[in-house]
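Visitor: If you scroll down you'll find the structure; I have some questions about it.
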Ligand code: NAI
């Protein structure tokens with residue numbers, strides 16, 4: 001028997017979690033199932049670099065969920081192809097008749113310094129992280145629009161927000177996901193579809209190579225608490241980025257300074273007004289690209 005959760009219930013909801021055979025995805029799948037969601041545990045069982053396949057990890061997590069009285073089904077398609085993404089959503093429909101939440105979590109690493117990074121290191125990373133989010137979210141999105149409800153979560157990273165040595169392909173893919181949710185938040189608004197990003201920090205096999213003195217505090221379950229909030233029907237956030245690790249949750253945002261205005265702007269003006277350009281007093285966090293045009297408009301007195 002599954003325990004009854006007091007608080008944010010997922011009873012009747014269907015969640016797809018990609019890359020849920022281990023690490024963060026496993027924790028998300030267990031947490032959503034604990035809250036009553038019917039879960040598609042997707043994982044093709046790849047190595048950290050994305051090579052190989054193994055049916056085992058997804059099936060094992062399904063076993064864990066059902067042993068705890070929850071409901072889940074395994075799926076081993078790859079997020080990296082359009083057909084794989086469609087098949088993952090088809091699994092949800094065939095098993096549970098609907099889909100409400102997509103947690104794009106699957107990920108791989110091909111870390112190399114930029115001068116050593118060739119196409120073979122870039123394409124697989126973009127295919128899994130960035131195109132993977134398109135491949136899985138698009139077929140779900142079509143249903144979200146029809147049913148007037150949906151929740152999308154993408155897994156971004158501090159490597160994308162702030163940069164990290166040796167992670168050019170990974171960081172690029174991760175920050176691109178922020179652009180994706182910013183647009184999905186706007187396109188989804190009238191259909192009650194929210195799209196948000198998390199930037200987790202957790203001790204998993206992906207971070208095993210990093211010598212982090214805080215590892216013992218970095219339980220993947222902290223990120224799952226944020227996922228369970230963002231994926232819930234009561235959550236009104238959309239287009240937001242939440243950083244989460246070690247029990248700390250914080251908002252990450254893009255801001256723009258008020259800036260310096262000169263209709264006859266020259267390179268010398270830029271050089272001579274860096275203080276004003278970089279002055280972050282009264283910075284703005286535009287909700288869409290027209291909001292920044294609004295700042296210019298008010299500075300121009302229009
Ligand atoms: P992990 O390596 O334990 O989990 C990734 C999972 O994705 C693996 O189980 C793997 O088999 C699966 N996967 C890989 N390619 C796939 C594909 N094409 N289709 C379906 N599944 C596939 O690593 P972790 O740490 O749990 O990572 C989860 C996500 O969180 C990733 O997107 C990662 O980039 C992101 N992340 C993790 C951080 C951390 O501190 N652990 C920091 C920032 C982001």
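Visitor: Does the stretch 47-54 include one or more residues that are surrounded by fewer than 21 Cβ atoms within 10 Å (Cβ to Cβ), within 11 Å of the ligand (Cβ to nearest atom) and outside any loop (DSSP other than H, G, I, E, B)? Break it down stepwise before answering.
Guide: Here is the first cut: in the stretch 47-54, the residues surrounded by fewer than 21 Cβ atoms within 10 Å (Cβ to Cβ) are 47-54.
With the extra rule that they be within 11 Å of the ligand (Cβ to nearest atom), the set shrinks to 47-54.
Filter once more, so that each one left must be outside any loop (DSSP other than H, G, I, E, B): none.
Among the residues of the stretch 47-54, not one is surrounded by fewer than 21 Cβ atoms within 10 Å (Cβ to Cβ), within 11 Å of the ligand (Cβ to nearest atom) and outside any loop (DSSP other than H, G, I, E, B), which makes the answer no.
Visitor: Are any residues in the stretch 215-226 within 11 Å of the ligand (Cβ to nearest atom) and in contact with a strand residue (DSSP E or B) (Cβ under 7 Å, 6 or more places away or on another chain), and if so, which ones?
Guide: Correct list: 218, 222, 223.
Visitor: Additional query: One residue is enough: does the stretch 10-27 have a residue meeting the conditions exposed (fewer than 14 other Cβ atoms within 10 Å of the Cβ), modelled with pLDDT of 95 or more and out of contact with any strand residue (DSSP E or B) (no Cβ under 9 Å at 6 or more places or on another chain)? Steps first, please.
Guide: So the first thing to find is which residues in the stretch 10-27 are exposed (fewer than 14 other Cβ atoms within 10 Å of the Cβ), and the list is 11-12.
From what's left, modelled with pLDDT of 95 or more: 11-12.
Then keep just the ones that are out of contact with any strand residue (DSSP E or B) (no Cβ under 9 Å at 6 or more places or on another chain); that gives 11.
Yes: the stretch 10-27 contains one or more residues that are exposed (fewer than 14 other Cβ atoms within 10 Å of the Cβ), modelled with pLDDT of 95 or more and out of contact with any strand residue (DSSP E or B) (no Cβ under 9 Å at 6 or more places or on another chain).
Visitor: Next question. Does any residue in the stretch 202-226 that is over 16 Å from residue 157 (Cβ atoms) come within less than 8 Å, Cβ to Cβ, of a residue that is at pLDDT below 95 and within 11 Å of the ligand (Cβ to nearest atom) six or more places away or on a different chain, and which pairs are these?
Guide: Partner pairs satisfying both residue conditions: 215/203; 215/207; 216/203; 219/203.
Visitor: Kindly check whether there is at least one residue in the stretch 219-242 that is more than 30 Å from residue 12 (Cβ to Cβ) and more than 17 Å from the chain's Cα centre (by Cα).
Guide: No: zero hits.
Visitor: Which of the numbered conditions does residue 69 fail, given that it passes all the others? Conditions: (1) without any contact (Cβ under 8 Å) to a residue 40 or more places away in the chain; (2) surrounded by fewer than 21 Cβ atoms within 10 Å (Cβ to Cβ); (3) part of a loop (DSSP other than H, G, I, E, B).
Guide: (1)
Visitor: Given the structure, is residue 123 free of Cβ contacts under 8 Å to residues at least 12 places away in the same chain and within 15 Å of the ligand (Cβ to nearest atom)?
Guide: Considered against the rule, which asks whether it is free of Cβ contacts under 8 Å to residues at least 12 places away in the same chain and within 15 Å of the ligand (Cβ to nearest atom), residue 123 comes out as yes.
The values are calculated or read from the model by the stated rules, or taken from the named source; none is laboratory data. Here the structure is a predicted model, which means the values were calculated and not measured. Every residue, glycine as well, gets a Cβ built from its backbone with ideal geometry; the counts of neighbours run over all protein chains shown.
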